[in-house]
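See structure below.
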Amino acid sequence: MLVRDLSRQALARRLRSEGVHLNTGVFTTHLRIRIARLVDEFAEMYGPYSLEEPPGIDDAHVLVEAPSLWHRLVKPLAVASTTSLAIEPVPVDRAFTAMETALNWGPVSSDVTPLIMHSAVLERDGRALIMPAPSGSGKSSLSAALAWRGWRLLSDEMAVFSFEDGSVCPNPRPVSLKNKGIGVIAAFEPRARLSRVYHGTPKGDIAYMQPPPEAIARAGESAPPSLVIAPAYAEGAATTLKALDRAEAFRWLVDSTVNYASMLRTGFEMMTAVVAQCGLYSLTYSDLDSAIHAINRLHADRRPARRASA
Amino acid sequence: MEATAAWQVPVEAKLPLRYWDGDYVVYNPLTGNTHVLDIVAGKVLEIIMAGPATSAELCQHIAEFLDVPNDLRTAENVDAILAVLDRLGLIEPVAAC
């Protein structure tokens, strides 16, 4: 069953009471929402996602609600929490941003997680492109653009590595576009479904792009890593690719992981395998089409890897 | 450092070591830490991993590897590397019988 298969009323009732088990790919989250106006925004953005029925084992539990009666009636605030952490309360009209943060952190903060790297991931021809980068690097705009130009979006937020074969498992949730990136993607791809703009967040303005239909439909298909690119947007810069030294890339990849240390030797083996099997580059860009062209050339030059299944 | 003192990897440790583009990366299962070593430190560790070696033997290997004289300067550099590897728990002195 998909989220959009439930009527608005049925969805609101389920979210308010027992919750839904939202499948976003590799993770399933038990989600409850006790803020009426958030239900419509959730339905709008998550309509094509599936609900696990009957529910299996959830990877996380997320609850979005007003922190108190005072905050429901007088000074509307929303707080999103997972089993182990509460996200900073936000004005209720930004509840969706708090929910998204909780959906990111919920599976990551659980006791049993795969190796996770803060990174965008896309796939083409059965091979994964990993783009770890800090906030503000243009990663989300570039991954949103690639997702409409022949690449399948696996995630804008995290690379989740399978213990089984080291492939990257999809978790294609809405892409968080910030500030200028919102207008850039709206102009770049008319088919992109964007949420309304949430103003005044700590990162400025944020709008979410629903992943293209293919990304959500194929959220069960993982892909082996083939390319690692560190993108950096620089106003007016020409598109420049630079090969990275492997030890330097290893250090940077490990720094980009969320839970490398707790993975012990398995984490070391998985990260060294990524470094050994991938082309490693940094990319400076200001023009999306030119950056996509450069990435496509790198991708075409690499020998096809064995395809992994989920 | 005593030139005849021998070094070994801790008996219980099996060190996964990778060499890329002039640098070594090693994981220490005893501490859970990962270390990036330069080419000379990595080479010293690699030699000790192949079997216990004395400082004098290591100096000889490193002098040949770098194609430099096996002199006091080489010995000082090798001693400094051994001290770091020891501090990281990657090597230990061989216990005297």
For the pair A:S290 and B:V11, the simple spin-label estimate (label points 7 Å beyond Cα toward Cβ) gives in nm 6.3 nm
Straight-line reach check, A:K178, cutoff 24 Å on alpha carbons, 8 or more apart in-chain or any other chain, hits among lysines -> A:K139, A:K203
Plugging the Cβ-Cβ distance of A:R196 and A:D125 into 1/(1 + (r/R0)^6) at R0 = 45 Å yields, to the nearest 0.05, a FRET efficiency of 0.80
With label points set 7 Å from each Cα along the Cα-to-Cβ direction at A:E269 and A:D5, the distance between them in nm comes to 3.9 nm
Sparse-neighbourhood loop hits (trypsin sites (Lys or Arg not before Pro), the range B:3-58; DSSP loop; Cβ within 10 Å at most 16 others) -> B:K14
Loop-resident GluC sites (Glu not before Pro) in the range A:207-302 with no more than 12 other Cβ atoms inside 10 Å, DSSP not H/G/I/E/B, are A:E235
Per DSSP, the loop-located GluC sites (Glu not before Pro) within the range B:1-90 having at most 11 other beta carbons within 10 Å are B:E2, B:E12
If the chain between B:D21 and B:V84 were fully extended at 0.36 nm per residue, the gain over the current Cα-Cα distance would be 20.5 nm
Each label sits 7 Å from Cα toward the beta-carbon; between A:Q277 and B:L30 the label points are separated, in nm, by 3.2 nm
Helix A:95-108 sits off the longest principal axis of the Cα atoms of chain A, rounded to the nearest 10 on a 0 to 90 degree scale, by 60 degrees
In vacuo Debye sum over C-alpha of the protein assembly as shown, base-10 log of normalised intensity I(q)/I(0) at q = 0.08, 0.14 Å⁻¹, listed in q order, is -0.53, -1.17
Rounded to the nearest 10, the angle in degrees between the Cα long axis of helix A:36-46 and the longest principal axis of the Cα atoms of chain A comes to 30 degrees
Helix A:246-256: inclination vs chain A longest Cα principal axis, degrees, rounded to 10, gives 0 degrees
Note on the range A:104-210: alpha-carbon gyration tensor, axes a ≥ b ≥ c; rule is a/c under 1.5 for rounded, else prolate if a/b larger than b/c, else oblate; result oblate
In whole angstrom, the spacing between the Cα centers of the range A:86-102 and the range A:217-291 equals 29 Å
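Every read-out reported here was derived from the displayed coordinates using simple, explicitly stated rules and does not represent laboratory data. Since the structure is predicted, the reported quantities are computational estimates derived from the model, not experimental observations. Cβ sites come from the backbone with ideal geometry, for glycine too, and all protein chains shown count toward neighbours.
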